[in-house]
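Only one structure is covered here, and it is reproduced in the block below.
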Amino acid sequence: HSHLPTSHTPCAAPAGQAATADSTSVQRFVDKWNLTREAQSLLLGLDPAVQHKVMTEFAPKDTSRDVNAIFGKFVQGVARQSQWSLSASPSHAFLAHWQLGLDAQALFYSLRPDVQERVKLEFRPRDTSADVNNI
C-alpha cells in the first residue's frame, strides 16, 4: 500500500529540465515528517534529482517515533545509489567519502560556499580509523 497520492505529477518542469521539487512541496514534505533544521538542511543541500527521489521514496514503516535519524540514513543510502549525482557534486562526494553524519552534513551546508571549499581542501584527519564526525 503506497502512501503517495494518486495524482502524483512530477513532470511539471519546463521542457528540457529535470523535474525538481518546488518550495511548496518541500515545505509539505518537511511538515509531514516534522524534520529538524539539520534534516531540512540536508534535504535542501541535495542536487534536484536526488532531492526529488528522496521526497518521493521516503516512507518509514514506524512513524510513531522521531524519523529524523531514519531520514538521515535514507538520504545517505539514496545518495550512495546515485553515484552519477555524487560525482557531479564535489560536496556530496566529500560528505560521502568521510561518511559524515546528519549533524556534520547540516553544519557543512550551513557554511558559505567559499568556506565549504576550504573545508573540502583542508579537511585531512590524521586518524581515519575512528569516526571523523567530531573532528
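The values are calculated or read from the model by the stated rules, or taken from the named source; none is laboratory data. Since the structure is predicted, the reported quantities are computational estimates derived from the model, not experimental observations. All Cβ positions, even for glycine, are placed from backbone atoms using ideal geometry, and neighbour counts span all protein chains on display. Accessible surface is based on the protein model in full, side chains and every heavy atom, while ligands, DNA and RNA are left aside. Shrake-Rupley method; radii C 1.70, N 1.55, O 1.52, S 1.80 Å.
Take the residues of the range 95-115 that are of a type in the set (A, V, I, L, M) and in a helix (DSSP H, G or I): which is modelled with the highest pLDDT? Only one residue fits best here, namely Val115. The set of residues in the range 49-63 that are open to solvent by less than 70 Å² (accessible area, probe 1.4 Å) and either closer than 20 Å to Ser110 by Cβ or in a loop (DSSP other than H, G, I, E, B) (or both) comprises Val50, Gln51, Val54, Phe58, Ala59, Pro60, Asp62.
A quick yes/no check of all residues on (1) among the charged types (D, E, K, R); (2) more than 25 Å from Gln81 (Cβ to Cβ):
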position: Gln105; (1), (2): no, no
position: Ser110; (1), (2): no, yes
position: Asp114; (1), (2): yes, yes
position: Glu117; (1), (2): yes, yes
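If the condition is being closer than 19 Å to Asp103 by Cα, in a helix (DSSP H, G or I) and open to solvent by 60 Å² or more (accessible area, probe 1.4 Å), then the range 29-48 contributes Arg37, Glu38, Leu44.
Regarding the range 90-102, can at least one residue be identified that is over 24 Å from Ser129 (Cα atoms), of a type outside the set (Val, Ile, Thr), open to solvent by 10 Å² or more (accessible area, probe 1.4 Å) and over 10 Å from the mean Cα position of the chain (by Cα)? The answer is no; no qualifying residue exists. If the condition is being over 16 Å from Gln40 (Cβ atoms) and in a loop (DSSP other than H, G, I, E, B), then the range 64-79 contributes Ser64, Arg65. The test for being within 23 Å of Lys32 (Cβ to Cβ) and buried (at least 17 other Cβ atoms within 10 Å of the Cβ) holds for Gly72.
Might you check whether a residue that is open to solvent by 40 Å² or more (accessible area, probe 1.4 Å), β-branched (Val, Ile, Thr) and touching a helix residue (DSSP H, G or I) at 6+ places or on another chain (Cβ under 7 Å) occurs anywhere in the range 75-86? There is no residue in the range 75-86 that is open to solvent by 40 Å² or more (accessible area, probe 1.4 Å), β-branched (Val, Ile, Thr) and touching a helix residue (DSSP H, G or I) at 6+ places or on another chain (Cβ under 7 Å).
Filtering the range 120-135 to residues that are open to solvent by less than 50 Å² (accessible area, probe 1.4 Å), at pLDDT 80 or above and of a type in the set (A, V, I, L, M, F, W, C) leaves only Phe123.
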